[in-house]
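Working notes for the structure below.
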C-alpha cells in the first residue's frame with residue numbers, strides 16, 4: 001500500500017471508531033432517557049395509588065364508625081329491654 005492509502009485507511013479507522021463511540025453514547029443517552037421516563041411514570045402511578053388508598057382508608061374509617069354506632073345502639077336497646085321486661089312482668093303479674 002502507498003502512504004496515501006495507509007493514511008486513508010488510518011483516517012477511515014478513526015472515523016469508524018468515532019462513529020462507534022457516538023453510537024454507544026447515543027444508545028446510552030437514549031437508555032437514560034427511557035429510564036428517566038419510566039421512573040417518572042412510576043412516581044405518578046405511586047402517587048395515584050397512594051391517593052386511592054387514602055380514600056379507601058377514609059371509607060373504611062367511616063364504615064367502622066357507623067358500625068360502632070349501630071352496635072352501641074343495639075347494646076343500648078338490649079340493656080333497656082333487660083330492665084323494662086322484668087319490670088313489665090313484675091307489674092303484669094301483681
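The values are calculated or read from the model by the stated rules, or taken from the named source; none is laboratory data. Note that the structure is predicted; figures quoted are calculated from it, not measured. Here Cβ is always computed from backbone atoms with ideal geometry, including for glycine, and neighbour counts include all displayed protein chains.
Some observations on this one:
- Failed item in (1) in a helix (DSSP H, G or I); (2) modelled with pLDDT under 85; (3) surrounded by fewer than 10 Cβ atoms within 10 Å (Cβ to Cβ), with residue 82 passing the rest: (2)
- Where residue 13 falls short, out of the listed (1) surrounded by 10 or more Cβ atoms within 10 Å (Cβ to Cβ); (2) at pLDDT below 85: (2)
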